[in-house]
Amino acid sequence: MASFVIEGGHKLCGDIHPQGAKNEVLQIICATLLTAEKVTVNNIPDILDVNNLIQLMRDMGVTVAKEGIDTYSFQAENVDLAYLESDEFLKKCSSLRGSVMLIGPMVARFGKAMISKPGGDKIGRRRLDTHFVGIQSLGADFRYNDGRGVYEITADRLTGTYMLLDEASVTGTANIVMAAVLAKGTTTIYNAACEPYLQQLCKMLNRMGAKIKGIASNLLTIEGVEELHGTQHTVLPDMIEVGSFIGMAAMTRSEVTIKNVSYENLGIIPESFRRLGIKLEQRGDDIYVPAQENYQIESFIDGSIMTIADAPWPGLTPDLLSVLLVVATQAKGSVLIHQKMFESRLFFVDKLIDMGAQIILCDPHRAVVIGHNHGFKLRGGNMTSPDIRAGIALLIAAMSAEGISRIHNIEQIDRGYQNIEGRLNAIGARITRI
């Protein structure tokens, strides 16, 4: 198991480029199964979750070629359907959260799919009901094989229908959309997720010959087609990395420029950091964060304590709440962080408390942070990363802390962040991988 050793207290300075968006590329790679023609994808990040999915595609019989530093082509002309029933395939799926999005494309094009319960972060329950109920509504038959611990999904031909999703699940919506594009007739999805990454998926599918209307809204209308064709696609920069770098600059009182962020697709993220008192400027498609000695948390208009909560898009992504919480520990003022979607994601705060942060964990979903206003630095500590986003939050804390910190289980960070220590060391950080 690898670890990071971080020497805290060093300022950053310079330009940093966000990687391609993990949450988008997992959907896009799965969507390449919908056609026998070649699909080329640019700006693919070199991270564990994505690399594991690419290897899984190879194992399934998809022809995968690396055509550039971050460019791959996928051609699902000769998919090995027998392999999809093997224990090896199902075991790999169980360790990869994104594998659940193979169901929609597989059932739509081949009439069957098998999937074991996928893994991923240990951040509480992550229901698959939206995926299953939506694809069942299109006519698929789901059976749970208790002996093998797998779901078996079959369908002669999916048929379009109207559905109102019980939650605006991003991966659930993506799965249903990928199934519906080859279904017979018209599918209407209400309460659909509308994140930029889902918009990207829909736009790519339309270039492949799909007929999807309502993109960027929560009401999607999909007219099924007989087949899809090849295309080229470029993945957006990762908004979670952009937010993480803003937080790092603020915590280390550094001057940093984050390059090519696709600002129009960041939604409420820049404003959420401004609420904590962090200054940032849009310069073309870059974000400039000046060095700040102090930053003060805003209050609501009536004077009550600021609350920052996650919500479906265009609300704040839950993936950034861990970062915002850490940044608040050195702000002036107090803030309530309300993590609504996952009940275990705030449990990493005990590690911050050990470092000297003033945080009251109210319950599994809410934490009150009383900022130090840089009057008291966090202490270096010895900690373990429980999930991707908590891992990067702990790294930010360690970079701003006095002394040496160690973060274990950094494979969790590697799942979502490409060569993070190399990129941060290039602008002044002191991080060693051991």
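The values are calculated or read from the model by the stated rules, or taken from the named source; none is laboratory data. On a predicted model such as this, the values are computed, not experimentally measured, just so you know. Please note: Cβ atoms are built from the backbone with ideal geometry, for glycine as well, and neighbour counts cover all protein chains shown. Each accessible area value is taken on the protein alone, full model and side chains, heavy atoms only, with ligands, DNA and RNA left out. Shrake-Rupley method; radii C 1.70, N 1.55, O 1.52, S 1.80 Å.
Some notes on this structure:
- Candidates Gly416, Gly160, Gly214, ranked by Gaussian network fluctuation over the chain, Cα under 10 Å, top entry: Gly214
- Heavy-atom accessible surface of the chain, averaged per residue, reaches 39 Å², computed with a 1.4 Å probe.
- Estimated FRET transfer efficiency when R0 is 45 angstrom, pair Glu223-Asp302 (beta carbons, to 0.05): 0.40
- The smallest convex shape that holds all Cα atoms of segment 22-232, its convex hull, gives 106 Å³ per residue.
- The magnitude of the dipole of segment 22-232, with charges of +1 and -1 set on the Cβ of Lys/Arg and Asp/Glu and taken from the Cα centre, is near 280 debye.
- Highest average packing first - 398-405, 424-431, 129-136, Cβ atoms within 10 Å: 398-405, 129-136, 424-431
- Shape class of segment 178-295 from the Cα gyration tensor (axes a ≥ b ≥ c, square roots of the eigenvalues): prolate, since a/c reaches 1.5 or more and a/b is larger than b/c.
- Comparing Lys259, Lys66, Lys92 in a Gaussian network model of the chain where C-alpha atoms under 10 Å apart are linked, the largest mean-square fluctuation is found at Lys66.
- Heavy-atom accessible surface of segment 22-232: percent carbon and sulfur, 1.4 Å: 45
- Most mobile of Ala309, Ala192, Ala65 in a GNM of the chain (Cα contacts under 10 Å): Ala65
- Leading residue at positive end of dipole, the chain (Cβ point charges), from Gly375, Leu34, Thr432: Gly375
- Within the shell of other residues whose beta carbon sits under 9 angstrom from the beta carbon of Ala2, the net charge comes to -1, with Lys and Arg scored +1 and Asp and Glu -1.
- Solution diffusion estimate, µm²/s, Stokes-Einstein, the chain, Kirkwood Rh from C-alpha pairs, 37 °C, viscosity 0.692 mPa s: 147
- Within the chain, helix-based [θ] at 222 nm, where runs of 4 or more DSSP H residues each add -39,500 (n - 2.57), nearest 500: -8500 deg cm²/dmol
- Per-residue packing, averaged as other Cβ atoms within 10 Å, sorts the ranges 36-44, 166-174, 245-253 into the order 245-253, 166-174, 36-44, beginning with the highest.
- Here the chain is treated with +1 on each Lys and Arg Cβ and -1 on each Asp and Glu Cβ, and its dipole about the Cα centre works out to around 440 debye.
- Share of carbon and sulfur in the accessible heavy-atom surface of segment 257-323 [1.4 Å probe, %]: 48
- When the P(r) is computed for segment 111-229, the part past 19 Å accounts for 46% of the Cα-Cα pairs.
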